[in-house]
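Read-outs: derived from the displayed coordinates by stated rules, not from any lab. Worth saying up front: this structure is predicted, and the values here are computed from it rather than measured. Because the Cβ atoms are built from the backbone with ideal geometry, glycine has one as well, and the counts that use them run over all protein chains shown.
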Amino acid sequence: MCIIFHEDTKQFHLSNDWISYIINVLPNGEIGQLYFGKKVHDKDDFSYLRESGMRPTVSCHTNGIDDFSLELTRQEYPAFGTTDLRNEAFEIHYSDGSSVSHFVYTGHDIYSGKKAIAGLPSTYAENESDAQSLELYLKDELKGVKITLFYTIWKDLPIITRRVSVSNCSKNEISLEKVMSISLDMPDADYEWMQFSGSWGRERFPIVRKLECGVTSIESRRGHSSAVQNPFVIVKRPDTNENQGAAMGLALCYSGNFRALAEVDTYGTLRFLMGINPEGFSWPLGSGETFDSPEAILSWTDGGLNSLSQSFHDLYREHLIRGKGKTEPRPILLNNWEATMMDFDEESILKIAAKGKEAGIELFVLDDGWFGARNDDYRGLGDWYANTEKLPEGMGGLSRKINEMGLDFGFWIEPEMVNEDSDLYRAHPDWVLGVPGRDKSLGRHQMVLDFSRKEVVDNIFEQLDKVFGSANVSYIKWDMNRSISECFSMGTDAKHQGAVYHRYILGVYSLYERLVNKYPNILFESCASGGGRFDAGLLYYAPQAWCSDDTDAMERVKIQYGTSYGYPISSIGAHVSAVPNQQTGRNCDIETRANVAYFGTFGYELDLNHLSDEEFEAVKEQIKFMKENRSLIHYGDFYRLQSPFENNISGWMVVSKDRKEAIMACYQMLADVCGGFKRIKLAGLDPDKEYECNGKTYYGDELMNIGMVVTKELTLGVCGGVDHTSAIFKLVTK
Ligand code: GLA
């Protein structure tokens, strides 16, 4: 891994064993993009890659450079209002009303390691040798504003992270109308765009479309990254599949409104932009102030989509997730939500927990309904003290009793929300987002607290601190159950309203940071009505995320399959729930439900007392299996084998980093009658090693080229009686 600066040609070459990223100082002093892709040898001069033929209708840059138009130039951080008339990376409004910028290179710094971003989540280099960074300093002399472009290249991963800061060194206030975290221009556009879209209960379904001349874009305007669009996209060559071909992945380490955009111009050049959604964003930057963008993460592969995903998985597991979630095995948990909803008391909870302990569960999680007057979803949010009618000795008493059973204890919170019927709202009606004099909109009967205000975040911190401190807590599920609408803060003036969406998410991060620092033994799991805020930003604080409220096993195969493109298996909250399933009404045996949930953080979301003896014995075996295999599943390389979106039979597998062990799972969406014979081709094994599986021995190359025969395992008897089938295969080298 190294970053080389060629003084004579003013070119920078960032490279490691897999990738090269080459940029230069352009004739007008701005920064140009020359190459991003597979590693190439370094040399002094790559300037031939800046092709500069003219076209009749383009405008040229002045200052004596007459064959130079930004419209025809691949750039690193293109400005609004220049001769480049494509989508720009940033737009600044100056005090004289103008919005034309010209930022030129003034210097740079290259150093080992990586700097953190104050107040924002970001990937980190624990050791300086893990990464190298470049800062490029740019200045608009006329306006006295500086921009720094930050780049980090990782030693062991084909990944570059980028971000931007803008500093106002002038006397006048300026307004940032758009500050994208990354802009990347590529010389051709023969790509397909892949996005991960959905809704509540149907999160992160892949959608693929060909890029054509014009703009392809996804975004969130909901105040959270959302289940509708995810801040992760892939751009791949049309012939790229899971196991071969070139692709780029782009993620934003951010949990608020975002935009990802690809523009193909009329000359077939591709521009990629990602950052905070400029819609609804306007940030006044006073004299002497600096604004930091969130971090963007860029990866490249020529080894197919599995390898692209594995790079993101490795980066997040090694350089994003922190604390206990990084160093300790993820606990197998039992959550009472689908078992009781809010209708419980201490006795019923202890009964559920005790049965969990008998089955081998490690952590009991008390979900919604334990606080304030929270007996239904019309009241209680905002009042973070235990309801002593349900829990006579409070959280302290309950956690003690759970601990005495030999279980760890955790519970649910939704700190960003408030119900009208709550002590908090009665005391502070102006602490919600909304426009005075207009109707307040409710979502799930609740309002959004104004986390852009420090006093609001402080109040919630103090309440949570008290309840966390009153009990022995080792896990917290942090929920967020409605999008932001009518985004207006009663705590600031007219000029600063455009900053509220971003300040809100900074408030969320600050609360997380305070709690994570004060309670390092707590494992946080994020949630937003299921997977409505599943993004890299939150993984920095909460190493796992409840993937979806849809716990139907077959729907979960799709949701977890889609999620795996951008996120590691260790981050995917997945539980076995009761049947008929609460969301779909479908039936599915307990074995198949577990076979899906194994490929996540694993737990149960039901009352184990209601299972038959046979099912309960199966649960004990499942927990034993997961305890034995969780480090392989969570930290191995994950491969998608066959897509549930295109096939009745789907499959995936994990392979240990040393390729000595693997687990493959396959799922049949709908049981068939007199179906064909079934095989699944495996991936990632050592072709020359022999693997044992169910008493038989296979070479790795056999399993990867011929496939594993799965007909018997996925076929029911003539009258099967269940809708779906599945099977798990553990492979171990001889
Ligand atoms: C959301 C979550 C669920 C559960 C409920 C509780 O819907 O996604 O898992 O915690 O809230 O109200």
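Data overview
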| read-out | value |
| --- | --- |
| Equivalent ellipsoid semi-axes - Cα gyration tensor, the stretch 88-172, angstrom | 29, 12, 11 |
| Loop-located GluC sites (Glu not before Pro) in the stretch 79-140 whose Cβ has at most 16 other Cβ within 10 Å (DSSP) | 126 |
| 9 Å beta-carbon shell around residue 217, net charge (K/R +1, D/E -1) | -1 |
| Charge tally in the Cβ shell below 15 Å around residue 129, where Lys, Arg are +1 and Asp, Glu are -1, residue 129 excluded | -4 |
| Cα centre as origin, Lys/Arg/Asp/Glu Cβ charges: the stretch 486-533 dipole, Debye | 120 |
| J(HN,Hα) series, the stretch 211-219, from Karplus relation 6.51 cos²θ - 1.76 cosθ + 1.60, nearest Hz, glycine and proline x | 6, 10, 4, x, 10, 10, 8, 10, 7 |
| ³J(HN,Hα), Karplus 6.51/-1.76/1.60, whole Hz, each residue of the stretch 197-202, x for Gly, Pro | 10, x, 7, 4, x, 8 |
| Under-5 Å amide H pairs with residue 31, H placed in peptide plane, nonlocal only | 26, 76, 77 |
| Integer Hz, Karplus 6.51/-1.76/1.60 couplings in order for the stretch 285-292, x for Gly and Pro | 10, x, 4, x, 8, 10, 10, 9 |
| 222 nm mean residue ellipticity, helices alone, for the chain (DSSP H n ≥ 4; -39,500 (n - 2.57); rounded to 500) | -6000 deg cm²/dmol |
| For residue 731, distant residues with modelled amide H under 5 Å away | 662, 663, 664 |
| Long-range tail of P(r) for the chain (Cα pairs > 44 Å, %) | 27 |
| Relative contact order for the chain, counting Cα pairs under 8 Å that sit 6 or more residues apart, in percent | 10 |
| Size of electric dipole in the chain: Cβ of Lys, Arg +1 and of Asp, Glu -1, about Cα centre, debye, nearest 20 | 480 |
| Centre separation in Å (Cα based) which lies between the stretch 168-207 and the stretch 525-571 | 21 |
| Radius ratio Rg over Rh of the stretch 19-60, counting only Cα atoms, Kirkwood formula for Rh | 1.05 |
| Residue order, fewest to most beta carbons within 10 Å, for 341, 274 | 341, 274 |
| Most to least packed among 202-209, 412-419 [average Cβ atoms within 10 Å] | 412-419, 202-209 |
| Aspartates and glutamates with Cα under 17 Å of residue 678, excluding same-chain neighbours fewer than 8 positions away | 646, 702, 713 |
| Residue order, fewest to most surrounding Cβ atoms within 10 angstrom, among 86, 330 | 86, 330 |
| Residues whose placed amide H lies under 5 Å from that of residue 258, excluding near-sequence neighbours | 220, 277 |
| Exposure proxy order (Cβ contacts within 10 Å, fewest to most) of 610, 319 | 610, 319 |
| Euclidean distance between Cα centres, the stretch 481-520 to the stretch 632-678, Å | 41 |
| Within the stretch 24-118: Cβ-based charge dipole about Cα centre, in debye rounded to nearest 20 (Lys, Arg +1; Asp, Glu -1) | 480 |
| Rg/Rh ratio calculated on Cα atoms of the stretch 489-640 (Kirkwood radius) | 1.07 |
| From the C-alpha gyration tensor of the stretch 551-601, square roots of 5λ in Å | 19, 11, 8 |
| Of 558/734; 155/236; 355/477; 139/171; 38/324, pairs whose Cα-Cα distance is over 26 Å | 558/734; 38/324 |
